C-alpha cells in the first residue's frame with residue numbers, strides 16, 4: 001500500500017547551484033548518498049526539524065553512465081520523479097504494472113539512503129511521469 005510521498009526528485013548537473021534556492025525556500029540539506037545501481041548522487045533537503053515530511057531530492061550524475069544523463073540532455077534540468085513510500089515494494093510494483101505502469105526496474109535496487117530499496121515505473125501517457133516506489137528496511141513488510 002502506498003503510505004505517502006517520500007520525496008520529489010529534481011534532476012540537476014549543478015546541485016551546489018540549486019542549494020541557495022532551496023535554502024531560500026526554508027529547506028536544509030539533511031542527508032546524501034549515492035545510488036550505485038543508477039549512477040546518481042542524491043541530496044535530500046527538508047524543512048529543519050521535520051525529517052519525516054516529504055523531501056526534495058537533488059539527483060545528479062555520479063559518473064558517465066548515470067541514468068539521469070539523458071534527462072539532463074533533453075529536456076534538461078527540472079522535475080525528475082515523484083517518490084512514494086510503500087509498505088510492500090514487490091506487491092506494489094506488481095499492482096502498478098497490472099494497472100498500466102511500465103516497469104523501469106526488473107527488481108528493486110538499493111537506494112541512496114541506508115536501508116532504502118527502490119523501484120522505478122513510468123506512466124508515459126498522459127502524464128509523462130516517472131514514479132519511484134520506496135521502502136525502508138525498518139518497515140515491517142521490508143524484505
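Scanning the range 32-48 for any residue that is more than 11 Å from the chain's Cα centre (by Cα), touching a residue at least 40 places away in the same chain (Cβ under 8 Å) and over 18 Å from residue 118 (Cα atoms) turns up nothing.
Would it be correct to say that residue 58 is in a strand (DSSP E or B) and either closer than 13 Å to residue 9 by Cβ or out of contact with any strand residue (DSSP E or B) (no Cβ under 9 Å at 6 or more places or on another chain) (or both)? So residue 58 passes the test.
The condition of being touching a helix residue (DSSP H, G or I) at 6+ places or on another chain (Cβ under 9 Å) and either surrounded by fewer than 18 Cβ atoms within 10 Å (Cβ to Cβ) or in a loop (DSSP other than H, G, I, E, B) (or both) holds for only one of 13, 64, 31, that being 13.
Out of the residues in the range 104-136 meeting the condition of being under 16 Å from the mean Cα position of the chain (by Cα) and farther than 21 Å from residue 42 by Cβ, tell me which one is modelled with the lowest pLDDT. In this case the residue turns out to be 128.
Among the candidates 139, 81, the residue that is outside any helix (DSSP H, G or I), within 25 Å of residue 43 (Cα to Cα), at pLDDT below 90 and touching a strand residue (DSSP E or B) at 6+ places or on another chain (Cβ under 9 Å) is uniquely 139.
So for the range 103-111 (the condition being over 14 Å from residue 134 (Cα atoms), assigned to a loop (DSSP other than H, G, I, E, B) and in contact with a helix residue (DSSP H, G or I) (Cβ under 9 Å, 6 or more places away or on another chain)), does at least one residue qualify? Taking every residue of the range 103-111 in turn, none turns out to be over 14 Å from residue 134 (Cα atoms), assigned to a loop (DSSP other than H, G, I, E, B) and in contact with a helix residue (DSSP H, G or I) (Cβ under 9 Å, 6 or more places away or on another chain).
Take residue 43 and tell me if it is in contact with a helix residue (DSSP H, G or I) (Cβ under 9 Å, 6 or more places away or on another chain), within 26 Å of residue 17 (Cβ to Cβ) and either assigned to a strand (DSSP E or B) or modelled with pLDDT of 95 or more (or both). Working first, answer last.
On the way: in contact with a helix residue (DSSP H, G or I) (Cβ under 9 Å, 6 or more places away or on another chain): yes; within 26 Å of residue 17 (Cβ to Cβ): yes; either assigned to a strand (DSSP E or B) or modelled with pLDDT of 95 or more (or both): yes.
When the stated conditions are applied, residue 43 passes them.
Answer with yes or no whether residue 90 is touching a residue at least 12 places away in the same chain (Cβ under 8 Å) and either more than 14 Å from the chain's Cα centre (by Cα) or assigned to a strand (DSSP E or B) (or both). When the stated conditions are applied, residue 90 passes them.
Kindly evaluate residue 74 against the criterion of being under 15 Å from residue 35 (Cβ atoms), modelled with pLDDT under 90 and more than 15 Å from the chain's Cα centre (by Cα).
Considered against the rule, which asks whether it is under 15 Å from residue 35 (Cβ atoms), modelled with pLDDT under 90 and more than 15 Å from the chain's Cα centre (by Cα), residue 74 comes out as no.
The values are calculated or read from the model by the stated rules, or taken from the named source; none is laboratory data. Note that the structure is predicted; figures quoted are calculated from it, not measured. Because the Cβ atoms are built from the backbone with ideal geometry, glycine has one as well, and the counts that use them run over all protein chains shown.
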